[in-house]
Amino acid sequence: MTGMLATSVIGIALLVAGLSKLRDIGAHARVVVGYKILPDPLAVKVGRVLPFLEILLGAALLGRVGLDAVAWGVAALFGVYAAGLAVNLLRGRTELDCGCFAFGGHDAPSIGWWHVTRALGFAAAAVACLYLPGPRSLPEASTGLVLAGLTVALAFGVRAVASTLTLGRIRVDDYLGPARDELRRRHSAAV
């Protein structure tokens, strides 16, 4: 079941990442251009193709279809992501949006070495999927898929909660305080 759990976690993460990018594929293309790794016209094309590639690879992992080729493809994809992040961090360009899941939705996009570590972790997990035992029965596969879904949901939940805490950044409430005060002022002036 460990193999099913690993492929499912990575597959669900890729599906979520790819689907979230489809909401504004142009914005994702601009994120890829912003990394300044590829010539701009090629970066735009890559930025428009990546969401579909992530969805395809995620679905293939979930179905364990062509597992050998797909796992190596996923490992290579995450390796490229890690390299692009690392190159920009070494250039001192931390102000970039990672373009991972939800991009452009936060007030101050930035990348850090933890993004590189996460990408390398996904790459290593994809390779490990080749050696971990797969499901022996449908109930075992279903259990692995459900546990993976819960794991990914928990990771996103923890991330959402952590984004509201003060961890070296302005709290969301503090950041939005001036806007709240302005709305209250306008409301009392209208009454």
Within the stretch 67-94, can you find the residues that are open to solvent by less than 50 Å² (accessible area, probe 1.4 Å) and closer than 28 Å to GLY149 by Cβ? LEU67, VAL70, ALA71, GLY73, VAL74, ALA75, LEU77, PHE78, GLY79, ALA82, LEU85
If PRO109 satisfies every condition in (1) open to solvent by 80 Å² or more (accessible area, probe 1.4 Å); (2) of a type outside the set (D, E, K, R); (3) modelled with pLDDT under 75; (4) over 23 Å from LEU62 (Cβ atoms) but one, which is the exception? (1)
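Of all residues in the stretch 33-46, which are in contact (Cβ under 8 Å) with a residue 40 or more places away in the chain and either under 17 Å from the mean Cα position of the chain (by Cα) or part of a helix (DSSP H, G or I) (or both)? Break it down stepwise before answering.
Of the stretch 33-46, the ones in contact (Cβ under 8 Å) with a residue 40 or more places away in the chain are 34-37.
Selection gives GLY34, TYR35.
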List every residue pair whose Cβ atoms sit under 8 Å apart, with the two residues 6 or more apart in sequence or on different chains, where the first one lies in the stretch 112-129 and is outside any helix (DSSP H, G or I) and open to solvent by less than 60 Å² (accessible area, probe 1.4 Å) and the second, anywhere, is at pLDDT 90 or above and of a type in the set (Val, Ile, Thr). CYS129/ILE10
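Hey, can you tell me all the residues within the stretch 47-66 that are crowded, with 18+ Cβ neighbours inside 10 Å and under 19 Å from GLY149 (Cα atoms)? Before you say what the answer is, go through the steps one by one.
Our first condition is that a residue be crowded, with 18+ Cβ neighbours inside 10 Å; within the stretch 47-66, this holds for 47, 50-51, 54-55, 57-58, 60-62, 64.
Once the filter is applied, which keeps residues that are crowded, with 18+ Cβ neighbours inside 10 Å and under 19 Å from GLY149 (Cα atoms), the stretch 47-66 yields GLU54, ILE55, LEU57, GLY58, ALA60, LEU61, LEU62, ARG64.
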In the stretch 64-86, how many residues are in contact (Cβ under 8 Å) with a residue 12 or more places away in the chain, within 24 Å of LEU138 (Cβ to Cβ) and out of contact with any Leu (no Cβ under 8 Å at 6 or more places or on another chain)? 1
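Being of a type in the set (A, V, I, L, M) and in contact with a helix residue (DSSP H, G or I) (Cβ under 7 Å, 6 or more places away or on another chain) is the filter here; which residues of the stretch 78-99 pass it? Lay out the reasoning, then the answer.
Residues of the stretch 78-99 of a type in the set (A, V, I, L, M): 80, 82-83, 85-87, 89-90, 96.
Once the filter is applied, which keeps residues that are of a type in the set (A, V, I, L, M) and in contact with a helix residue (DSSP H, G or I) (Cβ under 7 Å, 6 or more places away or on another chain), the stretch 78-99 yields ALA82, LEU85, ALA86, LEU89, LEU96.
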Find the residue count for the stretch 19-32, including only residues that are open to solvent by 20 Å² or more (accessible area, probe 1.4 Å) and without any contact (Cβ under 8 Å) to a residue 60 or more places away in the chain. 5
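Pick out the one residue from LEU61, LEU147 that is over 21 Å from LYS21 (Cα atoms), in a helix (DSSP H, G or I), in contact with a Ser or Thr (Cβ under 8 Å, 6 or more places away or on another chain) and at pLDDT 70 or above.
Just a single option satisfies the conditions, and that option is LEU147.
Within the stretch 83-105, work out how many residues are of a type in the set (A, V, I, L, M), modelled with pLDDT of 90 or more and closer than 20 Å to ALA27 by Cα. Talk me through it step by step, then tell me what you get.
Residues of the stretch 83-105 of a type in the set (A, V, I, L, M): 83, 85-87, 89-90, 96, 102.
Within this subset, residues satisfying the condition of being modelled with pLDDT of 90 or more are 83, 85-87, 89-90.
If we keep only those that are closer than 20 Å to ALA27 by Cα as well, we get 85.
So the count comes out to 1.
The values are calculated or read from the model by the stated rules, or taken from the named source; none is laboratory data. Since the structure is predicted, the reported quantities are computational estimates derived from the model, not experimental observations. A quick note on method: Cβ atoms are made from the backbone with ideal geometry, for glycine too, and the neighbour counts reach across all protein chains shown. Note: accessible area is taken over every heavy atom of the protein model, side chains too, but ligands, DNA and RNA are not part of it. Shrake-Rupley method; radii C 1.70, N 1.55, O 1.52, S 1.80 Å.
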